[in-house]
1. Given N residues in segment 178-302, what is its alpha carbon radius of gyration divided by 2.2 N^0.38 Å?
2. Cα to Cα, under 15 Å, and not fewer than 8 places away if on the same chain: which aspartates and glutamates meet these conditions relative to residue 221?
3. For residue 35, which lysines qualify as cross-link partners when the Cα separation must be under 29 Å and same-chain residues fewer than eight apart are set aside?
4. When the Cα centres of segment 261-313 and segment 19-91 are compared, how far apart do they sit, in Å?
5. For the chain, what size does the Cα cloud have along each of its three principal axes, sorted from largest down, in whole Å?
6. Nothing charged except the Cβ atoms of Lys and Arg (+1) and of Asp and Glu (-1): what's the magnitude of the dipole of the chain about its Cα centre? Round to the nearest 20 debye.
7. What is the log10 of I(q)/I(0) for segment 20-164, computed with the Debye formula using one identical point scatterer on each Cα and no solvent, at q = 0.20 Å⁻¹?
8. Please list the non-local residues whose amide H lies under 5 Å from the amide H of residue 105, H modeled 1.01 Å from N, same-chain partners needing a gap of 5 or more.
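We did not get these values from a lab; they are worked out from the coordinates using the rules stated. Since the structure is predicted, the reported quantities are computational estimates derived from the model, not experimental observations. All Cβ positions, even for glycine, are placed from backbone atoms using ideal geometry, and neighbour counts span all protein chains on display.
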Amino acid sequence: MGLGHLAKTVIIEELSRVSGAMGAVVQASQLGVAKIVHFGNAEQKSHWLPAVCEGTCMPTIAVTEPKSGGHVLGMSTTAERVAGGYILNGRKVFVGNSHIGDLHGVVVRTGPGSRGLSAFLVPSDATGFSLGPHRPAMGLHGFSFGELIFENCFVPSENLLGAEGDGLAVAYSSSVLYGRPNLTAVSLGIHQAIVEHTVRFAQTHERYGEPLAGLPTIKQKLGQMQSQLMTARLTAYHAAHLLDEGMACDAELISAKLINVESSLDAARTAMEIHSAYGLDPGRSIERFLRDANHIYAPAGTSDVQRLRLAEVALGTYREQWSARLSEQLRCSTVHSVPIQVHTISFS
Ligand SMILES: Cc1cc2nc3c(=O)[nH]c(=O)nc-3n(C[C@H](O)[C@H](O)[C@H](O)COP(=O)(O)OP(=O)(O)OC[C@H]3O[C@@H](n4cnc5c(N)ncnc54)[C@H](O)[C@@H]3O)c2cc1C
């Protein structure tokens, strides 16, 4: 759409405010596009991107494996070079849009060490490719994040993304520049919904002959939720804006994911407390928000991992600023023309 990172954040946030699953579908599809934009050659871009824009090709990114999780360099799925291409063997798990994806961007081992990872575009109808059974998870119902299986799966050489050895850059840059802000946006949308629903409940649910919102302890909780929501939104929009400006902002993107995930989980718990037994009723959506908010903790790095990266920033040992390296491609010229709606909540 050419609208930029901040506009994308608002779009994903608004979708997630209504349906965390829908926000998750959209954010995951963006991850799949980014690696083609940043690492694809002219032929790959002209072949795949028009189909993505038309909505006939849903791309994914597949990095996580059962035995390595967030430790990307621990992966063991392999690609072996053969005449005309590569043979892939192994499994990927928790891949966003796994069961509706048409083109999987798969990072695998082509050799040892950190330069031994490479990325491939694998169409979902490739021979030797299959999906694990589709299983619903605790939350985000409607979003598939499942298993990709490669059994002697042949991929032609022209489907190698970037050069052999670029796999770690594809995985890390996608995670920092797209995964973090996209999941931040999903978290923010769920967070907004939590606060809205809880305020409405506190205004309409009566105890001691008056709305719950009249109780001092409930007011304290609502005030804390409002403050955390506003802080979370600031960090999300600020980081996305810096991306639009082409400025180095890896730390801001990482911190925004940490703050948004942690504060939305806090809000979900406080909301459940305010709702008390009524929060357990699926008809009120609060328990759905609690389940959905928990799903945003792991992808693009758990909060432990975000804190590790931020410690590196503090210690001066954080190495590659992906936002600086890809700055020219990330900058968005239309940034100032996007109207941003800021939510306000009325207590009256
Ligand atoms: C909704 C959703 C969507 C996802 N989408 C995708 C996708 O599109 N593509 C994809 O490839 N993957 C995807 N994932 C997978 C996600 O990236 C992984 O869940 C994540 O990398 C963590 O892996 P893990 O869950 O195996 O946990 P692990 O990495 O095994 O972590 C387990 C625990 O150990 C801690 N830990 C791990 N390493 C360290 C460390 N170095 N220091 C301190 N503590 C540590 C963690 O914080 C956590 O508490 C998705 C997951 C979810 C839930």
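1. Working: Rg = 15.7 Å, N = 125, 2.2 N^0.38 = 13.8 Å.
Cα-based Rg divided by the globular estimate yields 1.14.
2. 196, 266, 273
3. Excluding near neighbours in sequence, the set is 8, 45, 67, 92, 257.
4. 27 Å
5. Computed over the Cα atoms, the extents are 79, 42, 41 Å.
6. Numbers: 27 positive and 30 negative charges, 101 e Å.
The dipole of the chain has a size of about 480 debye.
7. For segment 20-164, the Cα-only Debye profile gives -1.29.
8. Amide H neighbours of residue 105, under 5 Å, 5+ apart: 60, 61, 62, 122.
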